[in-house]
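Engineer: Dropping the structure in here first, questions after.
The values are calculated or read from the model by the stated rules, or taken from the named source; none is laboratory data. The structure presented is a predicted model; accordingly, all values stated were derived computationally and were not measured. Every residue, glycine among them, receives a Cβ derived from its backbone with ideal geometry; neighbour counts consider all protein chains shown. Accessible surface is based on the protein model in full, side chains and every heavy atom, while ligands, DNA and RNA are left aside. Shrake-Rupley method; radii C 1.70, N 1.55, O 1.52, S 1.80 Å.
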Amino acid sequence: MKSLTSLQPIFRKFRLHRKEEEKCPESAFKLLFYSSAYGYCFYLLFNGKYKFFQDTENCWRGWHKGMPVPDDIYTLYVVQAGYYIHALYAVLYMDVWRKDSVLMILHHIVTISLILFSFAVRYHRIGVLVLFLHDVNDVFLEFCKLCVAFKTRNGKYYIVPDILSNVGFLCFTFLWFYCRLYIYPIKVLYSCGYEFRPLVPAGPFYFFFNIMLWILFAMNLWWFRIILWLLIRTVAGKSLEDIREKPDKKTMVNGKKA
């Protein structure tokens, strides 16, 4: 976290609101990570080497216990596992406590479990699809957070970041629905539930793996409720802000009550 702290002087130069100035280093780091992760997933799926997205049965053809994991997918898995393990630690001991913090902890536990188990039992091909369909949303989310922070600088209002934050949030809402609530069920849930058994009859952890994937889908549905509420607020002319924070209760900062 020292690297994030070292970014604060950069954002301090823009004379942002103190609260937003403290959030910007984390959002900038997450934007860089998710952009890189999504770009790498996009490259893996559409560079012509793999056909997992075009035909999800390819996720299971030729599967056998102990099959080698290609180096490019191995790299993706190691980086993603490391990031989410750190993210779980951050929610528990470093982040401000929010209304959905418990759900966020559960999300990280499910994500880490899926990454580790899919790697261990060699379900890594479908794992690439899951990561691809989720990372793109976080790119737009962190972009919106930075735009919201930059719309007020040195006590003055700037319209361009405000417009970009609203446009970015519309894109974020659409992609959440399209990728996580539409493509994810017809590509991932269908493939793991229906295509899996004929192609991998002796595959281990079938029910565990599917239960974890359905829990992830249920959490995406729950968060979409919050997203729709934010969209309604934005359309009604209210400023875009994080409604998950608990302003009326004591929050936890660095493991201590604020």
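Engineer: Return the residues of region 161-220 that are open to solvent by 20 Å² or more (accessible area, probe 1.4 Å) and aromatic (Phe, Trp, Tyr); say none if nothing qualifies.
Structural biologist: Across region 161-220, the qualifying residues are 174, 177, 178, 182, 190, 194, 205, 206, 207, 208, 214, 217.
Engineer: Could I ask something else about it? Looking only at region 171-213, count how many residues are among the hydroxyl-bearing types (Ser, Thr, Tyr) and within 18 Å of the chain's Cα centre (by Cα).
Structural biologist: Total meeting the criteria: 4.
Engineer: Inside region 57-97, can you point out the residues that are open to solvent by 70 Å² or more (accessible area, probe 1.4 Å) and under 15 Å from the mean Cα position of the chain (by Cα)?
Structural biologist: 79, 85, 86
Engineer: Give region 45-77 a look and list any residue that's touching a residue at least 40 places away in the same chain (Cβ under 8 Å), more than 24 Å from residue 204 (Cβ to Cβ) and assigned to a loop (DSSP other than H, G, I, E, B), or say none.
Structural biologist: If the condition is that a residue be touching a residue at least 40 places away in the same chain (Cβ under 8 Å), more than 24 Å from residue 204 (Cβ to Cβ) and assigned to a loop (DSSP other than H, G, I, E, B), then 53 is the only one that fits.
Engineer: Oh, and also: Give region 98-107 a look and list any residue that's open to solvent by less than 40 Å² (accessible area, probe 1.4 Å) and not in a helix (DSSP H, G or I), or say none.
Structural biologist: 100, the sole residue that qualifies.
Engineer: Are any residues in region 132-160 more than 21 Å from residue 87 (Cα to Cα), in contact with a helix residue (DSSP H, G or I) (Cβ under 6 Å, 6 or more places away or on another chain), open to solvent by 20 Å² or more (accessible area, probe 1.4 Å) and of a type in the set (A, V, I, L, M, F, W, C), and if so, which ones?
Structural biologist: Within region 132-160, 148, 150 meet the criteria.
Engineer: Just to be sure, is residue 120 surrounded by 22 or more Cβ atoms within 10 Å (Cβ to Cβ) and of a type in the set (Gly, Ala, Ser)?
Structural biologist: Taking the combined requirement at face value, the residue does not satisfy it.
Engineer: Right, something else. Of all residues in region 35-55 being of a type in the set (Ser, Thr, Tyr) and at pLDDT 95 or above, which is farthest from the chain's Cα centre (by Cα)?
Structural biologist: Selected residue: 43.
Engineer: Can you tell me which of 95, 135 is among the acidic types (Asp, Glu) and modelled with pLDDT under 90?
Structural biologist: 95
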